[in-house]
Structures are given as C-alpha cells and as structure tokens.
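Asks: Pasting in a structure now, in structure tokens, and then I'll have a few things to ask.
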Amino acid sequence: MKVYIKRLRSSDLPLPQYMTPGSSGIDIYAANDEDITIAAGAIVLVPTGIAISIPDGYEAQIRPRSGLALNHGLTLLNTPGTIDADYRGEIKVIVINLGDKEYILKKGERIAQMIFTSVERAELIEAESLDDTVRGAGGFGHTGV
C-alpha cells in the first residue's frame, strides 16, 4: 500500500518512520514551534506538520507511545484516533498528561504512532427484530467480575 505524505512545515523533522523491522506502527513527530508545557491533568493539541493521502478502503489509527505513557503518564484522548481516507488536513494529536508532573514537549519528539488498517464498509439494513444469542442484551459487566 502506498500512502502519500506532504510536509506542511518543519522540513527539518524526519518523516514518520518504522523504528524497527517488526514495528506495526510508524512513529510521528511533534511539530510544535515552541516547547509545549503540559501540566498534570492538562489536554493539548499537538501538530505533526504532515498530511497524508490514504487509499480508499483504509484508515490510519493514531495511538499512544507506550514509553511516554509508562514513564510520564502521557497518552492520547480519542484513542485510537481515526484518520479517514478522505481527510487531507494536518494530522494533530490530542495529548493528555495523566501523570503527577508537568511535561515539556519539545519539537521533534516522537509523540504518537500511526497504524494503517483496512476498513470494511457495512450495509445497514433496518429490521423489526434481531436473532437471539446466549448473551442477548446483557451489557456492561453482565458476566461478573
């Protein structure tokens, strides 16, 4: 699958890349012009300085990086974030600091990872009733702890 990528600014940053041969996601970089201070409990929108063209039938998912989560309490809201095949704007990530200390995000830090996956489009058919299953309408916690 070919995905076209456009730099919107910060041509000094590397393009997103797989960090190891077995990586599922490509690391994407923060393209903030100045340091961003993320206070404990704060939510910020971080630019990446890139836009992509994803082929029809695919999406990109934006996910947190485990090291930032474990070591600093940084994660992403709306996880995984979805980038639709028809979106051409700048990719931005919604970062929250769940840690107990502020975090200073510097330009060029690897802030998230992006994974490409195929998307199946469903045909929704209205029905008067649905087939029965063992679970039925059992919802949250219905099988116990």
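Asks: Looking at segment 55-65, which of its residues are of a type outside the set (Lys, Arg) and either in a loop (DSSP other than H, G, I, E, B) or at pLDDT below 95 (or both)?
Replies: Residues satisfying the conditions are Pro55, Asp56, Gly57, Pro64.
Asks: Within segment 1-54, track down each residue that is part of a loop (DSSP other than H, G, I, E, B), crowded, with 18+ Cβ neighbours inside 10 Å and touching a Pro at 6+ places or on another chain (Cβ under 7 Å).
Replies: Scanning segment 1-54 gives Ala31, Asn32.
Asks: Can you find a residue that is surrounded by 13 or more Cβ atoms within 10 Å (Cβ to Cβ), part of a loop (DSSP other than H, G, I, E, B) and at negative phi anywhere in segment 66-77?
Replies: So far as segment 66-77 goes, no, none of its residues is surrounded by 13 or more Cβ atoms within 10 Å (Cβ to Cβ), part of a loop (DSSP other than H, G, I, E, B) and at negative phi.
Asks: For segment 91-141, how many residues meet the condition of being assigned to a loop (DSSP other than H, G, I, E, B), of a type in the set (A, V, I, L, M, F, W, C) and either surrounded by 10 or more Cβ atoms within 10 Å (Cβ to Cβ) or touching a Ser or Thr at 6+ places or on another chain (Cβ under 7 Å) (or both)?
Replies: Within segment 91-141, residues that are assigned to a loop (DSSP other than H, G, I, E, B), of a type in the set (A, V, I, L, M, F, W, C) and either surrounded by 10 or more Cβ atoms within 10 Å (Cβ to Cβ) or touching a Ser or Thr at 6+ places or on another chain (Cβ under 7 Å) (or both) number 3.
Asks: In segment 78-90, which residue that is under 14 Å from Gln113 (Cα atoms) and not hydroxyl-bearing (Ser, Thr, Tyr) is surrounded by the fewest Cβ atoms within 10 Å (Cβ to Cβ)?
Replies: Applying the filter and picking the extreme gives Asn78.
The values are calculated or read from the model by the stated rules, or taken from the named source; none is laboratory data. Everything numeric here is computed off the predicted structure, so don't read it as measured data. All Cβ positions, glycine included, derive from the backbone under ideal geometry; neighbour counts span all protein chains shown.
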